[in-house]
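Everything on this sheet refers to the single structure shown next.
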Amino acid sequence: MAGIVPPQEYWWMLFKYYLLAAFVLAGGVTALLVYFFSKYRASSEDEFAEDYPGPGRVPTGFAKIGATKYMLVVTGIIVLGLTIATYPYTEYVELTPSSPDIVIWVTGYTFGWRFEYPPDLGGFTTINEVVLPTDTVVEFKVTSDDVFHAFGIPEFKGAKVDAIKGIVNSLWIKTPSQPGEYDIFCYELCGVGHSLMKAKLKVVTPEEFKEFIESKR
Ligand SMILES: [Cu+2]
């Protein structure tokens, strides 16, 4: 599936835009702060009115002109705008494509990960290691044998989902075009062995993947 954009690309795009927005906003607020600090700095000769806001007192002037209403509207527009603009991308990351190349069942247990390959590939099981070919759209169907776990691959941003007994949660990635090895972690404190609950995702060439499947038959 060459035409499919890896979900982590959109994840990174969203992350960068939000980071940029945060910097712009923080810059604006800091500039205003410095400006107001210098403009309204009180000197010891200043005389203060009776209702001048001191420590522990809320300034009342703002409420008089009804600014709160406008602030709410502006905040609402920003939040709504961001939600609408980013919705297609978050949905893309969240929703598994209807026909992935491979579906792998993942079961968390205390303390490890079990991977089940589809029947047409042999239906075998691996422990704490999942081997997948390059350039492949993979759906992980994630559940648990016992307590709550969470399955996540930090390198594939946005690829993280709860592993809960009796519930199947779906997660998808597109493997890179180059072979590589990636860590898989448990993201939910699940007991004494939680920090050891690691697995490996090995991305190999299609030929190596074929050999791997053959070796399991
Ligand atoms: Cu766990």
Report the full-extension gain for the segment Phe15 to Lys141: residue separation times 0.36 nm, less the Cα-Cα distance, to one decimal in nm. 42.8 nm
Mean Cβ neighbour count within 10 Å, used as a protection proxy, ranking 94-106, 197-209 highest first: 197-209, 94-106
Centre separation in Å (Cα based) which lies between the stretch 1-49 and the stretch 177-217: 39 Å
GNM, the chain, Cα, under 10 Å: largest mean-square fluctuation among Phe115, Phe148, Phe36? Phe36
Residues Ser170 and Thr90, FRET efficiency given R0 of 22 Å [Cβ-Cβ distance, rounded to 0.05]: 0.90
For the chain, the longest principal axis of the Cα atoms and the Cα long axis of helix 7-39 enclose an angle in degrees, to the nearest 10, of 20 degrees
Which lysines have a Cα lying under 30 Å from the Cα of Lys39, excluding residues fewer than 8 positions away in the same chain? Lys64, Lys69
Rounded if a/c is under 1.5, else prolate if a/b is larger than b/c, else oblate: which is the chain, with a ≥ b ≥ c the root eigenvalues of its Cα gyration tensor? prolate
Folded to 0 to 90 degrees: helix 206-216 orientation relative to the chain principal axis, Cα: 60 degrees
Principal-axis tilt of helix 67-94 within the chain, Cα atoms, nearest 10 degrees: 10 degrees
Taking 8 Å as the Cα distance limit and 6 or more residues as the minimum spacing, I'd like the relative contact order of the chain as a percentage. 20 percent
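Throughout, read-outs are computed from the coordinates displayed, never taken from laboratory work. Keep in mind it's a predicted model, so treat the numbers as computed, not measured. Methodologically, a virtual Cβ is constructed for each residue, glycine included, from the backbone with ideal geometry; neighbour enumeration extends over all protein chains shown.
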